[in-house]
Amino acid sequence: MAFVELEVKEHIGVLTINRPEALNALNDEVIRQLDQVLDSLDLSVLRCLIVTGAGQKAFVAGADIAQMSGLTKAEGEAFGKLGNDVFRKLETLPIPTIAAVNGFALGGGCELSMACDIRLASDAAVFGQPEVGLGITPGFGGTQRMARLIGMGKAKELIYTARNIKAPEALSIGLVQAVYPAEELMAEAEKMANRIAGNAPIAVRACKKAINDGLQVDMDAALVVEEKLFGSCFETKDQTNAMTAFVEKRKHDPFVNC
Ligand code: DAK
């Protein structure tokens, strides 16, 4: 049974969590399959990855509560590490990632979306970290990524109260970058992915790394991170192609990712 599906459309990958009968809840098998699919991505071809959920109702309705309900402390910690390692792999994937949030994104689902670079939501999307109402903390990076994305005060409010929010509020607090009618969400996500894929891949990847790595260190060190990644773009075919074309007042050739 494929709980995680991958469709490749030229330079764009669409990864779908496919367990709609349980609103795409993440059990350990789903997480392991997610890990395998991430490892299988052909990064010489792909320039952007869209992550979404199967069905009309949910992106991912969280970690699997039935499976978690009987865990011991040690098993709980191991489950948290399994999810954290895979979500970190997604977060640090060299290519940009877009979460197309098509419905409930609760608990581990909200955390999955936050491990992506950009979140686009349907007008039916619902976000939240309901864990404290279930006697646990967010366990797949929610306490850390939400505070970094929307600020400490708002993250604490949402996590302590376990309050769910709808797409317009998620937009207003910066948790998502745009909201679309449900039937337009995937087309809009693909439009953005194709726009990203039309830019020089080495430069786009370097921007992702500069932003991610730079935010972990102080400004002086962050600017050194940027300088090095900036330098790494020079002498690539894509840089010479684009800059030569600009100087010669013509359109550059398609980018070739080297
Ligand atoms: N887990 C397992 N099954 C789920 C599920 C979930 N999170 N969410 C939904 N389902 C299943 C339902 O049990 C139901 O199954 P059947 O009864 O049909 O067999 C089916 O999906 C349809 O759900 P409903 O019948 O409930 O559908 P409704 O439209 O009535 O309600 C809902 C939709 C999203 C409001 C509701 O399903 C719901 O409240 N679901 C739970 C949402 C939730 O609380 N999610 C957060 C889970 S906690 C950690 C690691 C990880 C985590 C924490 C710590 N460490 C190890 C430290 C993460 C925690 C979480 O994600």
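Derivation of every value follows stated rules applied to the coordinates shown; laboratory data play no part. Remember, predicted model here, so these are calculated numbers, not experimental data. Reconstructed Cβ throughout: ideal geometry from the backbone, glycine too, with neighbour counts over all protein chains shown.
Some points to look at:
- Among the residues of segment 70-117, those that are surrounded by fewer than 24 Cβ atoms within 10 Å (Cβ to Cβ), in contact (Cβ under 8 Å) with a residue 60 or more places away in the chain and under 15 Å from the mean Cα position of the chain (by Cα) comprise E91, T92, P94, I95, P96, C116, D117.
- Complete set of residues in segment 198-217 that are surrounded by fewer than 20 Cβ atoms within 10 Å (Cβ to Cβ) and not in a helix (DSSP H, G or I): G198, N199, L215, Q216, V217
Rundown of residues vs (1) closer than 18 Å to C116 by Cβ; (2) among the hydrophobic types (A, V, I, L, M, F, W, C), yes/no style:
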position	(1), (2)
G142	yes, no
I150	yes, yes
E157	no, no
A162	no, yes
R195	yes, no
T244	no, no
R250	no, no
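- Members of segment 75-90 found to be over 22 Å from L43 (Cα atoms) and of a type in the set (D, E, K, R), listed by number: E75, E77, K81
- Selection within segment 1-17 - touching a helix residue (DSSP H, G or I) at 6+ places or on another chain (Cβ under 9 Å) and surrounded by 18 or more Cβ atoms within 10 Å (Cβ to Cβ): F3, V4, H11, I12, G13, V14, L15, I17
- Top-ranked residue in segment 218-241 [being surrounded by 10 or more Cβ atoms within 10 Å (Cβ to Cβ), under 11 Å from I202 (Cβ atoms) and among the hydrophobic types (A, V, I, L, M, F, W, C); ranked as farthest from the chain's Cα centre (by Cα)]: C233
- Residue ID - farthest from the ligand (Cβ to nearest atom), chosen from residues in segment 150-167 that are under 19 Å from L215 (Cα atoms) and crowded, with 16+ Cβ neighbours inside 10 Å: I150
- Those helices (runs of 4 or more DSSP H) of segment 136-193 in which at least 1 residues are of a type outside the set (D, E, K, R) and in contact with a strand residue (DSSP E or B) (Cβ under 6 Å, 6 or more places away or on another chain), considering only elements entirely within it, cover 167-172.
- Qualifying positions in segment 2-52 - in a helix (DSSP H, G or I), within 16 Å of the chain's Cα centre (by Cα) and away from the ligand (no atom under 16 Å from the Cβ): V37, L38, D39
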